[in-house]
Amino acid sequence: MTEVSRPPEPGSPDAPLVDLDGTLYASGSQVRTMPGAPTDLAPELTDSALAHESGLELKARSQWAYARSRFFRHRLAMGSLVVLIAVLLCGAFAGHIASYSYDAIDLNNINAGPTTTAHHYFGTDQLGRDYFSRVLYGIRTSARVAFFVSILSTILGTLVGSFAGYFGGWLDNLLMRFTDLILTLPPLAVLLVAAARLGNGTINLGLFHLGQEYRVALILALLFWTGIARVVRGLFLSLREKEYVEAAKASGSGDVRIIFRHMLPNSMGPIIVNMTLVTAGAILTESALSFLGFGIKPPTAALGNLIAQGETQMQTQWWLVVFPGLTIVIIVMCINFIGDGLRDALDPTQRRIRA
Amino acid sequence: MPEPVLSIRDLAVHFTTDDGVVRAVDGVTYDVYPGETLGIVGESGSGKSVSTMSILGLIPQPPGKVVSGEAMFQGRDLLKLSKKELRRVRGNSMAIVFQDPMTSLNPVLKIGFQLGETIKAHHGSEKDDEVKDHVIQLLRTVGIPQPERRFEQYPHEFSGGMRQRAMIAMAIANQPALLIADEPTTALDVTIQAQILEVLKTAQDETHAATILITHDLGLIAEMADRVIVMYAGKIVELGDVNTIFAAPRHPYTIGLMESLPRLTADEDWLRPIPGQPPSLINRPPGCPFHPRCFLSQGRARCREEEPPLRPIHAGGTGVHLSACHFAEELEGATSKLAEPTVAEGVT
Amino acid sequence: MVTYIIRRLLYSIPVLFVSSFLIFTFVATTTDPLEAAKMQPNVNKAAIALVQKENHLDKPIIERYGYWVQDAFTHDFGKTILGSRPILPDMLNRLKVTLQLIIAAEVLTLLLAIAVGVYSAVRQYSIFDYSMTTLSFLGLAIPVFWLGLILQIIFVNIFNKWGVRIFYTSGLDNVDPGTGLHFLIQRIQHLVLPVFTLATISIAGYSRFMRASMLEVINADYIRTARAKGLIERRVVLKHAFRNALIPLMTLAAIDFGTLFGGTVITETVYGLPGMGRYFIDALSGGETYVIMAWLMVTSVMVVFFNLVADVVLGFLDPRIRLD
């Protein structure tokens, strides 16, 4: 999406359709064969000794090395990564950074605007609770939810998507029908129904006692995995026809080995990019659910429910709404920029964006 | 010699990329004479397409840029024309047949519309029904059956061969003086290729247009071209009469190209590929661009250090024969294995 | 084409049935409309049992689903469990409001997104392109409800400070809405902010999508052909590139329609609009199983309908798609 900053990548739809490709990128993994442009006059001989001898420099860089260097060159993505890490660290060490606990009451400073006195940088509410501290704790909650959602839905989506794409058959049918079904229903409404009633409070797994953020994350993951599954299914459908998969099959590799050793590594780019999209989506959706009162509930601070609590007095105490919201905007923007940089780096041919 | 239709002098085209400046075309000079077919042959990336597309302003700019040169066409330098003037040349007095007919026609517009548009772009005064008659006449010329019905159809209702016929009809719609065919048969089935060549010949006869035939297919050159230019790494390495080039090639690269093709008249166990890869056009090695792969060079210092000029060669045969090899004379007596009446791939 | 539409509609019937059954099972097992009542010590058990019996709440799910289908067809989705209000009339009133919101938002989205996307692509790397890219990233990162609140803060404060009423920030009409032109103007003043709030995220997303789609098309072989024919650039862009680039956008817009209905839940809550979204939230809080069911069904039918409209539009745009 921000190819704006640079000339187009080879292999992208933006790349010039000229006669250069064979030569330009013959040195790496970026050889793009134009449809119908035979290269039979350029018999490929990747004999590095020969190349060295001839004074031609052949840089044998792996696909990942290419991706890494492309990502590091993406200034916006790198900047966003720094900002995001800073914000997340603030959330992680909220207990050390915040001057107050998230529910501590400072009756000397009620409804105070953003000020440096008594360290109420983001102001206080009608009980004198410090919003800077509450936002820091909110970041922690929201980040936990988003992290859990992205991990869970990526694993589930990748598994289902790869098996559906590879084997086809009933699993594929089931997945596609399920997707059809989801598409006829407003996703937010389904989530709300689920969130409204699927057990209020915490999850108790004997030894593990998980907070309500995990319950919310679980519900979100149940919706988000389908997106990843569809992407992975599409990738696998096309990879299935590739020669190296045929070759692996012909040499007697088992299905599971082919999926995990041959096809999955070649799908990692889009999967990672989609994972960032899921993470951003999860933060936005969690905040919406919490705002509506069906997600993370007080007293646990989450960015969405902080805004909901501030809403009643927002005309005068605007800071109660503005700062938690700005935090969401910054986090989501950073994730999207990173995702964009990753897309450019890992998967230059893909231009699809989340809408 | 008659006046050339198109006269290109010292053309250089650069592309700016992340990794540096790619010198796609690097000082190319040639003429095209009326009525002749000039073949330009070379592998992908040799600059053969860019050298013609750039003079019509059809390379993406940026990253592409014509950095120097002159392209005289009908008394004007195309490289100095305004966008508007250049647009009036395109599709009018100079037209192109592209490589892939499957993607070169707009999928959402009717064939008749797309052809008619070409005419109207340059003859705005023509009435709609005149244009339609004209288009149907064109479709008939290129051998499309039932042209009235085909006029109303979309590209996806055409087969590959039929689409390429339509592309040729589009190219000759305004009686061009010069026709550029950029790999016109590459994307087609072998059985269709011969038919399209016939159509191309018909089109040439109808319009008396000079033709530049860009291809990697030596067989096609042998079949169609009068003169040949061999390009390598953005430069012309050999130029000459088609018979001369095939009978007495005087550049090691040309010989290499021919050696790497199969011959149907003899048993061959092994094709001889050219070793190595084309050089990077960004960090071009000094000296002759071909020397790292050359069987003649054999580590000679001159090949490494001094860039060979394109110079006249006397190898018998008719017309001008140029080669860019320091040691072209050492190839004296070399004949290509394709010298005998040729049957090469792609042409039946 | 008519046969295509009929076939599509017929095909959607089993989909709606299956989804209604799954949703019913899900909703009915997780919601209990009498939960609140049961907590109250002064409500007597017999009354609760009576309500349960009247609404078949004591029967197995399959049977309840049967009753619900019967109600849906013969009694317009039946009545609410508490208060016995007929559901369909309420719902239709609210649907009117929501459709105004959604259609206005969709029109705004498509117009703006297409214009911005095409212009950004044609002037790639220009200042306009950079600004729009930045704006759209912002648009994609703003939570819808927060945008609504911020707009409310801004416009309420403008009103409080200068006494200028540019847009209303809550409700659908004034207490005294007036008639004719007055009515129309005050209605528009009420709807501008909600429509903008609902549309922002789609405008941001779709304009990026349209830009990418346009860039892809502009590098296509057939655009090179169009230029090689000597067409003027404006014609190349508008006649040859634009129509091709529009096809993926329309597909996306169709798929996304359900999301827009979901978006109204947030927008209507923030702006206090008496539409479908608010109705849904109220039903959800009240545990009104049958209202939730009816809501999901009506929205599904809407989504199916608008998908069909999009298909027909696509059929006109792309001759390769044959609607039969």
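The values are calculated or read from the model by the stated rules, or taken from the named source; none is laboratory data. Just so it is clear, the model here is predicted, and its values are computed rather than measured. Backbone-built Cβ (ideal geometry, glycine too); neighbour counts: all protein chains shown. Ligands, DNA and RNA are stripped out before the accessible areas are found, and what is left, the full protein with its side chains, is counted by its heavy atoms. Shrake-Rupley method; radii C 1.70, N 1.55, O 1.52, S 1.80 Å.
Taking amide H as placed 1.01 Å from N in the peptide plane, the amide H of B:VAL67 sits under 5 Å from that of B:ALA12, B:VAL13, B:HIS14, each at least 5 places away or on another chain.
Listed by chain and number, the lysines placed with their C-alpha closer than 29 angstrom to that of B:LYS83 are B:LYS48, B:LYS65, B:LYS110, B:LYS120, B:LYS127, B:LYS132, B:LYS235, C:LYS229, C:LYS239; residues fewer than eight positions away on the same chain are left out. Interface residues of the stretch C:148-187, defined as a loss of at least 50 Å² in heavy-atom accessible area between the chain alone and the complex of all protein chains with a 1.4 Å probe, are C:LEU149, C:ILE153.
Starting from the residue with the highest accessible area, list B:GLU183, A:GLU241 in decreasing order, probe 1.4 Å.
Ranking B:GLU183, A:GLU241 by accessible area, largest first, yields A:GLU241, B:GLU183.
Counting pairs of alpha carbon atoms under 8 Å apart in space and at least six apart in sequence, what relative contact order in percent does chain C give? Please list the in-between numbers first.
Numbers: 337 pairs, mean separation 84.9, N = 324.
Dividing the mean separation by the residue count of chain C yields 26 percent.
Only bridges with both residues in the protein assembly as shown count here: give the DSSP antiparallel percent, nearest 5. Could the numbers behind the result be given before it?
Details: 36 of 55 bridges.
Looking only at bridges with both residues in the protein assembly as shown, the antiparallel portion is about 65 percent.
Reported to the nearest whole Å, the Cα centre-to-centre distance from the stretch C:100-169 to the stretch B:1-54 is 49. Shielding by partners for peptide B:103-115, expressed as the average number of C-beta atoms from other protein chains within 10 Å of each residue's C-beta, is 5. Considering only DSSP beta bridges with both partners in the stretch B:6-225, what is the antiparallel share in %, to the nearest 5? About 55 percent, rounded to the nearest 5. Considering only protein heavy atoms and a probe of 1.4 Å, how much of the accessible area of the stretch C:106-234 is carbon and sulfur, as a whole percent? The nonpolar share, carbon plus sulfur, comes to 70 percent. Given +1 at the Cβ of Lys and Arg, -1 at the Cβ of Asp and Glu and no other charges, the dipole of the protein assembly as shown around its Cα centre is 2700 debye to the nearest 20.
Going by accessible area, probe 1.4 Å, with all protein chains left in place, what is the ranking of B:ASP133, B:ASP100, B:ASP18, largest first? Mind dumping the intermediate values first?
Numbers: B:ASP133 100, B:ASP100 20, B:ASP18 65 Å².
Ranking B:ASP133, B:ASP100, B:ASP18 by accessible area, largest first, yields B:ASP133, B:ASP18, B:ASP100.
Sequence-ordered 3J(HN,Hα) estimates for the stretch B:108-120 from the Karplus curve with 6.51, -1.76 and 1.60 and θ = phi - 60° stand at 9, 10, 5, 3, x, 4, 5, 6, x, 4, 4, 5, 5 Hz, glycine and proline given as x.
For C:TYR125, B:TYR232, the ranking by accessible surface with the largest value first comes to C:TYR125, B:TYR232, using a 1.4 Å probe. Distance distribution note for the protein assembly as shown: the fraction of Cα pairs above 48 angstrom is 39%. Return one number: the angle in degrees, 0 to 90 and rounded to the nearest 10, between the long axis of the Cα atoms of helix B:128-141 and the longest principal axis of the Cα atoms of chain B. Once rounded, one gets 50 degrees. Scalar couplings 3J(HN,Hα) for the stretch A:143-155, obtained by applying the Karplus form with A = 6.51, B = -1.76, C = 1.60 to θ = phi - 60°, are 5, 4, 4, 4, 4, 4, 4, 5, 5, 5, 6, 5, 4 Hz; x denotes Gly and Pro. In this simple spin-label approximation, C:LEU22 and B:GLU329 carry label points 7 Å from Cα along the Cα→Cβ vector, and these lie 8.4 nm apart.
Solvent-accessible area lost on pairing A with C (1.4 Å probe, both sides summed) amounts to about 4900 Å². Counting only lysines at least 8 places from C:LYS53 when in the same chain, those with an alpha carbon closer than 23 Å to its own are C:LYS38, C:LYS45, C:LYS79. The residue list B:PHE151, B:THR141, B:LEU218 was ranked by how far each Cα lies along the charge dipole of the stretch B:6-225 toward its positive end, using unit charges on Cβ atoms, and B:PHE151 comes out on top. B:GLU148 contributes about 100 Å² of solvent-accessible surface, heavy atoms of the protein only, 1.4 Å probe.
In the protein assembly as shown, the calculated helix contribution to ellipticity at 222 nm averages -17500 deg cm²/dmol per residue, counting -39,500 (n - 2.57) for every DSSP H run with n ≥ 4. Helix C:144-162 and the longest principal axis of the C-alpha atoms of chain C enclose an angle of approximately 90°.
Model label points for B:HIS123 and A:ASP103, set 7 angstrom from Cα along the Cα-to-Cβ axis, are 8.6 nm apart. A simple charge model with +1 on the Cβ of Lys and Arg, -1 on the Cβ of Asp and Glu and nothing else charged puts the dipole of the stretch A:158-310 at about 140 debye relative to its Cα centre. If you line up the long axis of helix B:160-171 against the longest principal axis of chain B, both from Cα atoms, how many degrees apart are they, to the nearest 10? That works out to roughly 80 degrees.
Ranked by the mean number of other Cβ atoms within 10 Å of their residues, highest first, the peptides B:158-168, C:109-119 come out as B:158-168, C:109-119. For the residues of B:276-284, the average number of beta carbons from a partner chain within 10 Å of their own beta carbon is 6.
In whole angstrom, how far apart do the alpha carbon centroids of the stretch C:49-73 and the stretch B:132-193 sit? First find each Cα centre; the distance between them is then 68 Å.
Using C-alpha positions alone, give me the convex hull volume of the stretch C:90-317 per residue in cubic angstrom.
Values: hull volume 36.5 nm³, N = 228.
It is 160 Å³ per residue.
Take each residue of peptide A:101-110, count the partner chain Cβ atoms within 10 Å of its Cβ, and average: the result is 0. Quick check: from the Cα gyration tensor, does the stretch B:230-331 come out rounded (a/c under 1.5), prolate or oblate? It is oblate, given that a/c is not under 1.5 and a/b is not larger than b/c.
Just to confirm, what accessible area per residue do you get for the protein assembly as shown at 1.4 Å probe, in whole Å²?
That works out to 42 Å² for each residue.
Percent of alpha carbon pairs in chain B separated by more than 29 Å? Don't jump to the answer; show the numbers that get you there.
Values: 25341 of 60378 pairs.
Here the tail beyond 29 Å accounts for 42 percent of pairs.
Sorting B:239-246, C:94-101, C:153-160 by average packing, meaning the other beta carbons within 10 Å per residue, from highest down gives B:239-246, C:94-101, C:153-160.
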